[in-house]
Ligand SMILES: Nc1ncnc2c1ncn2[C@@H]1O[C@H](COP(=O)(O)OP(=O)(O)OP(=O)(O)O)[C@@H](O)[C@H]1O
Ligand SMILES: [Zn+2]
């Protein structure tokens with residue numbers, strides 16, 4: 001008889017409590033088990049096994065779901081570290097690491113296979129009809145389709161060896177690159193970067209390369225070296241929008257020993273990719289945030305592209321940052337890490353500045369110079385439909401030269417704010433208290449915070465008025481305006497509304513590359529895109545990011561403007577950028593104007609120093625929510641009273657969620673351990689009644 005300690009997910013439990021059960025079945029640490037808990041049957045993870053126990057009346061495990069452990073010792077150790085580091089529940093960490101098909105709550109569905117027909121050598125005579133049938137086939141194809149055409153002929157061809165049958169996991173598509181590969185002769189700067197990273201004895205590198213400086217080629221060459229030694233490579237990209245282009249380049253170079261892992265795969269597909277890694281059938285994994293948990297056995301290099309990107313931080317439990325996990329795993333495997341960006345996070349650049357990371361720079365574009373930036377002062381320029389005359393002229397010129405334009409407007413929908421002209425009230429979400437946006441195609445009002453939609457109404461709920469301010473504009477409206485301004489132009493729109501379907505990003509980008517004139521969209525169009533014919537970028541409402549009063553607003557605004565600008569003139573044409581702003585003298589604008597990251601870094605660091613913000617301090621936010629405001633306030637005050645060793649801001653009331661009032665405390669400390677210990681003490685006392693965000697990159701969400 002064995003006794004097992006099991007983690008169970010349940011609201012009433014305090015953080016990381018385990019329960020003891022007994023079993024005589026084969027079980028390992030890291031397996032899932034079904035156990036009785038009160039009146040319920042729940043699934044938990046085995047954390048420890050022993051053959052003795054002092055407790056009485058120990059209940060029995062109902063079923064061992066995985067005789068083999070799901071997670072290897074490395075990942076189990078990582079989960080413990082995460083739970084401690086982020087002051088969160090260990091079971092949420094274990095769950096995050098697994099593909100959905102293997103999560104505790106899921107009914108573990110066995111993998112579904114389908115049969116594929118491949119060309120076989122074959123021998124023996126065929127009737128003319130059979131020969132014609134065989135000649136008409138193009139391999140590989142699904143066997144079920146052949147059988148539909150002719151069951152008997154298909155069987156005959158299989159019997160004679162003309163068709164070979166292969167089992168493949170259902171839905172597993174072969175990765176096919178749409179572009180041919182060309183490995184470039186590296187520029188001297190690129191060559192130097194590759195040499196430095198591969199020969200240095202340091203382990204963490206920050207590759208700071210201006211937009212279009214050829215960081216991808218540096219990645220590919222480094223990956224090649226590591227693959228040649230028989231080790232695995234993890235290639236992280238920030239979000240699904242960027243993956244199609246990157247997957248294309250990586251698979252063109254390395255063929256199909258690649259696994260791809262991102263949020264748009266369904267459960268079966270994720271499971272397939274996970275298995276490929278677990279069974280050592282691939283050498284490279286390319287993917288978004290969650291790919292950092294793939295079960296590698298022999299990792300040789302981790303590349304993290306656009307390391308500054310906010311999508312690397314998970315904003316629900318467990319609230320981890322991919323960069324932290326990357327560093328932990330690299331240390332475990334003894335491998336190198338390359339963090340790369342044209343606009344590194346302040347945190348990473350500050351570490352590189354101090355010599356904690358090894359800074360490697362690419363200061364030039366390959367064959368053109370950096371794009372010319374025009375700051376358009378919207379206080380003085382005439383504009384039509386939100387577009388300044390300068391930008392309109394620049395767009396028109398592109399048509400005659402068969403060049404392309406990218407327009408960034410970081411707001412989706414048609415009218416981002418429904419504000420009544422009679423009483424001045426704004427329509428807001430009853431759950432969140434935030435402004436509702438009008439989406440014309442679906443004819444709904446939508447809350448961009450919680451996603452709730454409401455039937456469109458043209459009368460103000462406060463005064464019954466029927467007129468709303470029309471001055472604001474989202475991408476849907478801009479698209480409409482562009483159609484009337486440039487009727488013959490091919491306009492492609494990319495935002496959360498047009499990319500809901502699977503592979504939508506890829507299709508839209510392909511459409512634009514083939515025949516588009518203008519690609520318009522939200523921040524999705526600002527990142528990573530590399531199109532040879534784009535020579536103009538227009539940024540419509542450049543001030544929108546600066547208006548937010550968060551400690552990192554300026555950093556995020558700088559990143560977005562510099563990255564968006566960086567899409568222009570990357571290959572042969574000299575690029576131009578028009579940035580429409582009401583405040584051209586703001587220092588973020590001035591730094592973007594000269595692509596001067598270092599100047600931005602220096603100024604922003606001064607601001608952070610004065611305000612006592614990261615990277616000068618370690619920070620954590622605690623959010624207390626309750627349908628009763630007084631109760632929420634009371635919890636926040638109790639926590640504040642406990643936080644004597646750190647600096648505390650608040651409690652302040654922030655926007656509601658799900659009809660609950662929320663109060664926030666911000667905790668800061670110069671010493672990481674001081675903060676960590678203080679938050680743990682609060683977490684234990686609060687018994688889960690607090691939402692903890694260690695090391696947030698934003699205060700408001
Ligand atoms: N050595 C080279 N010779 C010629 N062309 C190159 C070379 N290296 C890269 N390129 C080309 O330069 C362009 C920019 O490279 P890449 O997309 O890797 O830039 P990047 O540094 O990742 O930029 P961003 O940060 O903006 O994404 C690409 O079209 C790429 O094919
Ligand atoms: Zn809402």
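A few notes on this one:
- Calculated FRET value between residue 51 and residue 192, using beta carbons and R₀ = 41 Å, to 0.05: 0.10
- FRET efficiency, residue 496 to residue 331 (Cβ-Cβ, R0 45 Å, nearest 0.05): 0.80
- Peptides 449-457, 674-682, 473-481 ranked from most to least packed by the mean count of surrounding Cβ atoms within 10 Å: 473-481, 674-682, 449-457.
- Sorted by Cβ neighbour density within 10 Å, fewest at the top, the residues 668, 647: 647, 668
- DSSP beta bridges in region 225-362 [antiparallel fraction, %, rounded to 5]: 5
- Spatial separation of Cα centroids for region 434-463 and region 343-395, in angstrom: 34
- Between the C-alpha center of region 492-509 and that of region 407-428 there is a gap of 23 Å.
- Ranked list, fewest to most other Cβ atoms within 10 Å of each Cβ, for 253, 151, 590: 151, 590, 253
- Taking a ≥ b ≥ c as the square roots of the eigenvalues of the alpha-carbon gyration tensor, region 2-102 is classed prolate because a/c is 1.5 or more and a/b outweighs b/c.
- Rg to Rh, two decimals, where region 362-466 supplies the alpha carbon set and Rh follows Kirkwood: 1.13
- The chain shape via C-alpha gyration tensor axes, a/c threshold 1.5: rounded
- Region 676-701 versus region 231-294: alpha-carbon centroid distance in Å: 32
- Using the rule -39500 (n - 2.57) for each DSSP H run of four or more residues, divided by the residues of the chain, the 222 nm mean residue ellipticity is -9500 deg cm²/dmol.
- Ordered by the number of other Cβ atoms lying within 10 Å of each residue's own Cβ, fewest first, 275, 323 fall into the sequence 275, 323.
Just so you know, all these numbers are worked out from the coordinates, no wet-lab data involved. Every value quoted in this text rests on a predicted model; they were computed, and no experiment measured them. Quick reminder, even Gly has a Cβ in these numbers, built from the backbone with ideal geometry, and neighbours come from all protein chains shown.
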